[in-house]
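Everything on this sheet refers to the single structure shown next.
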Amino acid sequence: MLPEDNLSAAKKAAYVLSFQELDSSKLILAGGKGANLGELSRIEGIMVPEGFCVTTEAYKKVTGNSRELNSLLDELTRLKADERENISNTSAKIRTAVESLRIPEEIAEEVASYLTKFGENDAFAVRSSATAEDLPTASFAGQQDTYLNIIGKEAILKHINKCWASLFTDRAVIYRLQNGFDHRKVQLAVIVQQMVFPQTAGILFTADPVTGNRKVLSIDAGFGLGEAIVSGLVNADNYKVSNGVIVDKKISTKKLAIYALKDGGTKEQEIEPGQQTMQALTDEQILQLEHLGRKIENHFGCPQDLEWCLSDKVFYIVQSRPVTTLYPIPEANDLENHVYISVGHQQMMTDAMKPLGLSLWQLTAARPMFKAGGRLFVDVTPHLATPAGRKAIIDVMGEHDPLIKDALIAITAREGFIKSLPDGQSELGPIKSSAGKSAADILAQIENDPAIVADLIKRSETSLEELKQNIRAKSGTDLFDFILEDLHSRRSLFAQQNMEAIMAAVDASTWLNENMKKWLGETNAADTLSQSAPNNITSEMGRDLLDVADVIRPYPQVIDYLQHAQDDNFLDELTKLDGGQEARDAINTYLDKYGMRCAGEIDITKTRWGEKPAILIPMILSNVKNFEPDAGKRKFEQGRQEALKKEQELLDRLRQLPEGEQMASETKQMIRLLRNFIGYREYPKYSIVSRSFVYKQALLKEAEHLLQANVIREKEDVYYLTFEELREVVRTNELNYQVIDERKAEHKLYEKLTPPRVTTSDGEIIAGKYKREDLPAGAIAGLAVSSGVVEGRARVILNMEDADLEDGDILVTAFTDPSWTPLFVSIKGLVAEVGGLMTHGAVIAREYGLPAVVGVENATMLIRDGQRIRVNGTDGYVEML
């Protein structure tokens, strides 16, 4: 044979490949399903029905030269995911065009050649296999079509066309648009696989798809073809298996099944009444299937979603794909059981963080933190191991987040999950709850003197200025060493005093709420007493932005300019307008104090207000529109007067009780302690974020050097390296860009995941529940964090930059960190999915006197934007009106 003939044969052979010729390296040729079937065929002891793959080369040859198709694809590429009607019309035209394309003779002959290996009347499943399907980072499963029981060459060729056309179903097109996949780059292979006519079929997940537990395998089973289960036509049996033991069974009533017809196609058929409630698999078969599932999982190295069928007592596997919806597990270096709590739920930032942000926050923290899914988790197993530690952490979490508390109670109730140690054997220091402390004990911990807070703030400001001076001289690896040293010294410098000041406020707040409830029947008294407390840097931030609006309000030209300004250099143009210099000075003064803040500020890689001042424009304009001059001062004074009035009222009522003078005296001291220290609760975070911004600016200078040296393509690419990795790149001027590309893809995947509050080393998500029986009908429960009841229009806002608030709206959001505070001046109530009694949103809501309920699961989905709601911040629930 001549070399040209060799080349021609190789090219020709790429149109059709048997399963034995496929493996994971053939993804581009065979698509996800085809590549995985090739892999399955290689696993000893796994039965896969025989078949072949019509590759993407065939798809490209058939579709590549069609002018009509290319013109329609151009049309489709211009559409956006929400243009549903246009998508539907264009997609329908594309499907018609693809189905009418003729399959070239050479491809048809190859298909016919492979079919000769089977009987003339053998039936086949003809199934789509897209190149962007069954990937670890995306699930296109079920978006293209499958045709069962197809008999004869002509019918198979016709259904290959139909599969190609199904690449353009509405749901597949919309999914690609939503996830940034190019329509032209997603190719389709077609699997032609010998039919198995099963008595029973179903789906197997090698990890529990509901809880995420990697040690629990979940099997759905029904009679007939598995299509009935996959399409949702019938309720299947469900069996849960762990380590060779069936731990749960749900036997469903299975009224229908899909069976193959003799001459091709399928039909729905009613199941005999006596068989409907029979177990679809015997216990022995369930355990056999578990064994096969684990073997396949071990081969692929990650949890799998399998389709299986049972025919004549033999299990056949017809598909395997990675499970893409499981939340990753924090990495432990041992085989022990661990319980992890989400850091993001305590820091009011549950978004995925980039590697540089994660590693720097880990260095900032006083205790080890573990990464998973772009978030950080703390291992609380050592605390749960001793009776005293268990009680303390459950009490503390009860004050912070009842859903975490309930989850911890549930996991500690499990026999043998956590190894128990006697009290005193835990290596960790004690966690102390504020509940039940006496006034004398609280006052003994700290001097009740406002000068303490003033001194802490002064020392922090001085230290920050020193950092700014000293860091200027640092570069290269010296900069990294300097930052590490600063992080270490900063942590030890103020740790004790900061904690004492914060705990003084928390203890005083708890004492006041406990005792005013006990003595006077007054609920959440500390909420009102906290209003307009001094030294609260976060609430000052909201009021200071009102002052910026006061400067701008008299100048219509400036207001008009800001309404259309989008460029980040908008401040430079301001000075050309009447009042522009004053406006620019006011904004710059604000940025000098708060420019290091932003949404999700614990992630150093997030864009700060100082880096993109345009983020503030909608909030400034909202304040100009919604408020009169001096609103900031009036709001502060109004809150202060309400706090004073509540103090006087409580003291007067106490003095009328037996031993009332003593009660009033203790209460007065606790109120003074609360007001002296509650504002400082916000300062340490401000200090950390301020210092982090200094680090960030210095690190970006190093990134600039790397960019100029052509080591990196974009300055922001350094965000996808850890602190230590970036140090090494700066040292060597070398970088493997595959790491950056993989991390970017990984981060996109992590952004779509919802992090759990509590998870285990088995990957099981422990979901806590509110134990509430006193809720009005239809109300949704949460944690009451700021007293009062308010009705109003709900504004569901997920991104601060999209906030368009009217005065008196109720903010409904996923979480609020300090950067959201400027919005709080415009609202009259708050509902958040994440939060606790002493988290930032709760502290500021009390400071501003806003009724607030946090920890409301799925609030942003259950409450519609614009809906009228009632927020009960005293009892902790939200009603739809």
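Laid out as a table, the results:
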read-out	value
For the range 662-787: rounded, prolate or oblate by the Cα gyration tensor [a/c cutoff 1.5]	oblate
Ranked order, HIS840, HIS488 - accessible area, probe 1.4 Å, largest first	HIS488, HIS840
LYS354, LYS313, ranked by accessible area, largest first (probe 1.4 Å)	LYS313, LYS354
Rounded to 10°, Cα long-axis angle of helix 283-300 versus longest principal axis of the chain	80 degrees
Cα centre as origin, Lys/Arg/Asp/Glu Cβ charges: the chain dipole, Debye	480 debye
Estimated FRET transfer efficiency (ASN121, ASN179; beta-carbon r; R0 45 Å; 0.05)	0.60
Helix 387-400 axis, angle to the chain major axis (alpha carbon atoms, nearest 10°)	80 degrees
Rounded tilt (10° steps) of 683-708 against the dominant C-alpha axis of the chain	50 degrees
J(HN,Hα) series, the range 409-419, from Karplus relation 6.51 cos²θ - 1.76 cosθ + 1.60, nearest Hz, glycine and proline x	4, 5, 6, 6, 6, 6, 4, x, 5, 10, 5
Separation in nanometres of the label points that stand 7 Å from Cα toward Cβ, at ARG868 and ALA14	6.6 nm
Relative packing of 15-23, 779-787, which averages over residues the other C-beta atoms within 10 Å, highest first	779-787, 15-23
Dipole magnitude (debye, nearest 20) for the range 653-751, charges at Cβ of Lys, Arg, Asp, Glu	800 debye
Distance (nanometres) between label positions extended 7 Å along Cα→Cβ at GLU801 and THR607	0.4 nm
Efficiency of FRET between SER420 and SER100 - r from beta-carbon atoms, R0 60 angstrom, step 0.05	0.25
Rounded accessible area of VAL48 (nearest 10 Å², 1.4 Å probe)	20 Å²
Proximal charge balance of ILE844 [Cβ under 15 Å; K/R count +1, D/E count -1]	0
Additional length obtainable on full extension of the chain from LYS153 to GLU628, 0.36 nm per residue less Cα span	163.1 nm
Extension gain, PHE197 back to LEU775 (0.36 nm per residue minus Cα-Cα distance, nm)	202.8 nm
Separation between Cα centres of the range 437-468 and the range 355-405, rounded to whole Å	25 Å
Globularity index of the range 729-866, i.e. its alpha-carbon radius of gyration over 2.2 N^0.38 Å	1.33
Inter-probe distance in nm under a simple model that places probes 7 Å from Cα toward Cβ, at GLU50 and HIS299	1.8 nm
Accessible area (Å², per residue) of the range 642-684, counting only protein heavy atoms and a probe of 1.4 Å	49 Å²
Alpha-carbon centroid distance for the pair the range 598-637 / the range 849-881, whole angstrom	24 Å
Length released on extending from GLU461 to GLN445, taking residue separation times 0.36 nm less the Cα-Cα span	3.3 nm
Order of exposure, largest accessible area first, which applies to HIS291, HIS338 with probe 1.4 Å	HIS291, HIS338
√(5λ) per eigenvalue of the Cα gyration tensor, the range 236-380, largest first, Å	44, 17, 16
Computed accessible area, LYS518, all protein chains, 1.4 angstrom probe, square angstrom	140 Å²
FRET E, pair VAL739, SER438, Förster distance 45 Å, beta-carbon r, rounded to 0.05	0.20
Built amide H within the under 5 Å cut-off of GLY829, gap 5+	LEU811
Equivalent ellipsoid semi-axes - Cα gyration tensor, the range 181-275, angstrom	26, 24, 12
Accessible area expressed per residue, the range 54-118, with surrounding protein chains retained (probe 1.4 Å, Å²)	56 Å²
Å³ per residue enclosed by the Cα convex hull of the chain	217 Å³
Environment charge at ASP23 (Cβ cut-off 10 Å; Lys +1, Arg +1, Asp -1, Glu -1)	0
Area accessible to solvent at GLU742, 1.4 Å probe radius, in Å²	110 Å²
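The values are calculated or read from the model by the stated rules, or taken from the named source; none is laboratory data. Keep in mind that what you see is a predicted model, and the values were worked out from it rather than measured. Please note: Cβ atoms are built from the backbone with ideal geometry, for glycine as well, and neighbour counts cover all protein chains shown. The protein model used for the area step is the full one, side chains on, heavy atoms only, and it has no ligands, DNA or RNA in it. Shrake-Rupley method; radii C 1.70, N 1.55, O 1.52, S 1.80 Å.
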